[in-house]
Amino acid sequence: MAKSLHNLLPQEVLSLAIAVETRNAERYDTFAHIFGSYNDEATALLQEMRDEELEHKTVLEAMYLNRFGDKVCDIDESDVDEVVEAVDVDSAEHLIFNDLTKRDVLEAALRAEEGAREFYISLSESEQDEELLQLYRRLAAYEEGHVAGIKARINQIGTEKGA
Amino acid sequence: MIRDTDKMQLRVIQPEVYPPPDRTDLFKKFPWLSKLAKMRAYPNVLVIPNLVMFWIFLLAGIFGSPAGNRNIMIVFIWILWWFGLITVLVPLGSRSWCTMCPLPFFGDLVQRRAVTYVRKGNSAGTRNQLFGKLRVWPKKLSNIWLQNIGFLCLASFSAHLVTRPMATVLMLGGLIVIATITGYLYRQRVFCNYICPVGGFLSLYSMTSTVELRSRDKNVCKKCTSKACVAGSDKGWGCPWIIYMGKLERNNYCGMCTECVKSCPSDNISLFWRPFCSDKILKGYDEIWKAFIMLVLAMAYSIVLLGPFGKIKDWANIGEVGNYKGFAIYVSILWFAALIALPAVYYVAIRLGRGFASKGLEATGDGAAPSMKDLFIRYGYTLVPLGLMAWIAFSFPLMMVSGSYIISIISDPLGRGWNLFGTGEFPWTPFHPDWMAYIQIPCLMFGLFYSLKCGHELALDLWKDNRRAVTSIIPLAILLTLVTIAFLRMYTG
């Protein structure tokens with residue numbers, strides 16, 4: 001039975017964040033596989049984003065270890081009702097028209113990272129516990145860094161032909 | 001611990017549960033439908049009998065009577081199949097013809113080396129084992145322009161096709177060869193997506209259909225890591241139409257093969273009943289030109305096959321009359337009307353509407369008017385309901401006047417004087433031709449009503465202001481009404 005995010009423990013929230021990064025890495029990998037050979041540039045970018053998600057996961061795992069020790073908290077996206085951050089392409093017909101661009105990939109990544117940032121900001125707004133508040137703010141700032149990074153990349157490719 | 005949950009406003013993505021209130025989940029309502037769709041034998045239980053019929057028709061076309069009305073191929077394909085397709089299957093079943101179409105069967109067989117069995121593997125971006133060259137279709141041809149031109153070519157020879165069995169044999173035989181070759185050379189259903197001339201108009205008019213295959217909960221698709229609908233799994237092939245169900249919003253390119261129903265690990269795909277004309281987004285010039293072509297052809301067919309214009313009939317019927325100059329004039333007019341004249345008149349109507357609606361826009365600070373490109377493409381949908389209903393209005397007389405051939409041809413499929421079921425001597429009996437206008441007029445009015453209704457909805461979406469929206473579509477509404485009047489005059493004399 002899936003829970004609402006409202007009812008999660010902080011330890012579960014951080015575990016969920018790690019699971020989300022893992023699952024997003026899998027999603028990027030799946031999309032890279034699907035779009036492989038349709039568009040080399042977009043596929044390479046999808047693989048790059050997958051690797052970035054795995055890096056995010058490593059950072060969050062270190063954060064978890066530091067905050068909660070090595071006590072495993074077994075929670076996954078499937079245990080919650082809401083979607084926190086899930087990277088998704090914006091059209092069902094990208095393969096038909098063979099029109100997935102680097103910009104599309106980055107915008108998909110941006111939507112997912114913004115979703116995650118909003119999620120942590122929301123949690124921090126209602127948190128009373130100072131230590132937890134700091135944790136959520138740190139996570140929100142961490143996601144904000146990703147958002148800024150992706151926005152910079154979108155701006156960078158803005159003038160590239162075929163981007 | 002998270003506390004005070006009542007005060008929390010989590011700004012996460014909210015659930016996007018399908019269906020909206022105007023949809024009915026047919027798999028929930030009729031569980032046997034879901035079971036059928038999940039069977040590995042489906043849709044081949046439909047395709048294989050169709051394939052057998054197809055070969056019988058081809059043989060009948062080759063060895064049977066060269067007279068169209070004495071050959072089962074012509075009568076069944078150009079009267080029965082066409083009528084069933086345009087009046088029932090498309091409006092009520094979307095691209096359900098594509099589900100059972102025999103043309104891509106051998107192409108699929110070459111690619112899958114299986115009829116019902118699913119091969120797990122890793123090829124062509126899927127988790128299935130596919131065979132053949134598996135090339136990617138050229139990006140420049142990844143649209144429906146080939147289908148547009150192909151259909152226009154076939155339509156140019158329609159008078160010949162519907163009267164000469166051998167012409168139809170060559171056309172259908174050619175299509176099955178192309179489908180097989182492209183199945184070997186390219187990945188997935190390249191033939192269906194980009195080449196099949198029938199697929200092009202099915203794509204357009206399936207937007208009006210009252211059924212759709214969609215995911216029940218878009219969040220389940222977002223969370224899904226396997227994307228098995230498009231990538232495939234051990235339960236089903238990756239979508240042969242290369243559609244990702246998680247974002248599917250229109251019927252155009254869904255062949256309803258139900259592989260996604262089989263492969264989805266969350267049982268999240270269902271068949272929904274929905275209101276007529278639910279999909280309203282045309283996305284490119286290729287799609288809107290398909291709408292122009294289909295509307296012009298509905299008019300041209302009505303003139304050639306139903307109208308009283310003997311001279312034009314002779315021009316179109318190159319095979320029997322052999323008037324090459326007349327045929328060249330006919331084809332030139334047809335292509336000019338479909339590719340240039342109607343688009344030009346439509347453009348003028350859109351331009352005028354934009355001009356009227358955007359008067360004073362900057363002064364009131366309401367922002368800029370939608371671009372001409374947006375208006376041109378988005379308003380193109382108004383040609384779809386009217387076009388479909390014009391085709392339906394055209395097709396009823398075909399069935400009512402010539403439908404009785406079906407009864408006699410069943411007993412004498414090759415036109416050799418057989419009487420297999422005792423109906424071989426059934427005389428040609430038009431069915432109440434006096435009723436035709438009473439069917440055609442409501443059809444056309446229904447089409448016009450939906451065109452205007454959808455036009456208004458699209459205009460509101462683009463202009464965000466009812467007065468401007470209505471003003472912007474007035475010239476287009478006048479154009480659509482004039483087209484409807486032209487059809488009415490054609491049908492009612």
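If the condition is being small (Gly, Ala, Ser) and touching a residue at least 60 places away in the same chain (Cβ under 8 Å), then segment B:303-348 contributes B:GLY307, B:ALA316, B:GLY319, B:ALA338. Annotation note: Cβ proximity below 6 Å between a residue of segment A:67-91 that is without any contact (Cβ under 8 Å) to a residue 60 or more places away in the chain and surrounded by 15 or more Cβ atoms within 10 Å (Cβ to Cβ) and a residue that is of a type in the set (A, V, I, L, M, F, W, C) and in a helix (DSSP H, G or I) (sequence gap 6+ or interchain) occurs for A:VAL89/A:ALA108. Which residues, taken from segment A:108-123, are modelled with pLDDT of 80 or more and within 11 Å of chain B (Cβ to nearest Cβ)? Once the filter is applied, which keeps residues that are modelled with pLDDT of 80 or more and within 11 Å of chain B (Cβ to nearest Cβ), segment A:108-123 yields A:ALA108, A:ARG111, A:ALA112, A:GLU114, A:GLY115, A:ALA116, A:ARG117, A:GLU118, A:PHE119, A:TYR120, A:ILE121, A:SER122. Within segment A:92-102, restricting attention to residues that are crowded, with 19+ Cβ neighbours inside 10 Å and in contact (Cβ under 8 Å) with a residue 60 or more places away in the chain, the residue that is farthest from the other protein chains (Cβ to nearest Cβ) is A:LYS102. Residues in segment B:247-286 that are small (Gly, Ala, Ser) and assigned to a loop (DSSP other than H, G, I, E, B) were compared, and the one that is nearest to B:LEU152 (Cα to Cα) is B:GLY284. Of the residues making up segment B:26-44, just one is exposed (fewer than 13 other Cβ atoms within 10 Å of the Cβ) and among the aliphatic types (A, V, I, L, M), namely B:ALA41.
If I filter segment B:392-411 for residues that are closer than 30 Å to B:LEU460 by Cβ, within 28 Å of the chain's Cα centre (by Cα) and at pLDDT 95 or above, do I get at least one hit? There is at least one residue in segment B:392-411 that is closer than 30 Å to B:LEU460 by Cβ, within 28 Å of the chain's Cα centre (by Cα) and at pLDDT 95 or above. Of everything in segment B:208-230, what is hydroxyl-bearing (Ser, Thr, Tyr) and within 21 Å of B:THR126 (Cβ to Cβ)? Give them in sequence order. Of everything in segment B:208-230, those that are hydroxyl-bearing (Ser, Thr, Tyr) and within 21 Å of B:THR126 (Cβ to Cβ) turn out to be B:SER215, B:THR225, B:SER226.
Is it the case that some residue within segment B:428-450 is surrounded by fewer than 19 Cβ atoms within 10 Å (Cβ to Cβ), free of Cβ contacts under 8 Å to residues at least 60 places away in the same chain, of a type in the set (Ser, Thr, Tyr) and farther than 21 Å from B:THR484 by Cβ? Checked segment B:428-450: at least one residue is surrounded by fewer than 19 Cβ atoms within 10 Å (Cβ to Cβ), free of Cβ contacts under 8 Å to residues at least 60 places away in the same chain, of a type in the set (Ser, Thr, Tyr) and farther than 21 Å from B:THR484 by Cβ. With respect to A:LEU45, is the statement that it is facing chain B (nearest Cβ under 10 Å) and surrounded by 15 or more Cβ atoms within 10 Å (Cβ to Cβ) true? No, not satisfied. Restricting A:GLU143, A:GLU114, A:GLU107, A:GLU118 to residues that are among the charged types (D, E, K, R), part of a helix (DSSP H, G or I) and without any contact (Cβ under 8 Å) to a residue 12 or more places away in the chain narrows the list to A:GLU118.
Go through segment B:63-122 and report how many residues are closer than 21 Å to B:VAL162 by Cα and among the charged types (D, E, K, R). Matching residues across segment B:63-122 total 1. Anything in segment B:308-365 that is within 30 Å of B:ASN466 (Cα to Cα), crowded, with 18+ Cβ neighbours inside 10 Å and of a type in the set (Phe, Trp, Tyr)? List them, or say none. Within segment B:308-365, B:TYR346 is the sole residue that qualifies. Residues that are crowded, with 21+ Cβ neighbours inside 10 Å, within 14 Å of another protein chain (Cβ to nearest Cβ) and either in contact with a Gly (Cβ under 6 Å, 6 or more places away or on another chain) or on the phi > 0 side of the Ramachandran plot (or both) within segment B:99-151 comprise B:ALA124, B:GLY125, B:THR126, B:ARG127, B:ASN128, B:ILE144, B:GLN147, listed in sequence order. Looking across segment A:7-42, the residues that are free of Cβ contacts under 8 Å to residues at least 24 places away in the same chain and either hydroxyl-bearing (Ser, Thr, Tyr) or more than 10 Å from chain B (Cβ to nearest Cβ) (or both) come down to A:THR30, A:SER37, A:ASP40. Considering segment A:1-60, and only residues there that are among the hydroxyl-bearing types (Ser, Thr, Tyr) and in a helix (DSSP H, G or I), the residue that is modelled with the lowest pLDDT turns out to be A:SER15. The condition of being away from chain B (no Cβ under 11 Å), within 30 Å of B:LYS140 (Cα to Cα) and not charged (D, E, K, R) holds for only one of A:VAL72, A:VAL105, A:VAL89, that being A:VAL105. Only a single criterion out of (1) of a type in the set (S, T, N, Q); (2) in contact with a helix residue (DSSP H, G or I) (Cβ under 6 Å, 6 or more places away or on another chain); (3) assigned to a helix (DSSP H, G or I) is not satisfied by B:ASN419, namely (3). The test for being under 30 Å from B:ARG112 (Cβ atoms), over 22 Å from the mean Cα position of the chain (by Cα) and not charged (D, E, K, R) does not hold for B:CYS239. In this structure, does A:ALA109 turn out to be crowded, with 20+ Cβ neighbours inside 10 Å and either out of contact with any Leu (no Cβ under 6 Å at 6 or more places or on another chain) or under 30 Å from B:ARG187 (Cα atoms) (or both)? When the stated conditions are applied, A:ALA109 passes them. Restricted to segment A:75-86, and to residues there that are at pLDDT below 80 and assigned to a helix (DSSP H, G or I), the residue that is farthest from the other protein chains (Cβ to nearest Cβ) is A:SER78.
The values are calculated or read from the model by the stated rules, or taken from the named source; none is laboratory data. What you see is a predicted model; the values in this text were computed from it and never measured. No Cβ is skipped: glycine too gets one built from the backbone with ideal geometry, and neighbour counts run over all protein chains shown.
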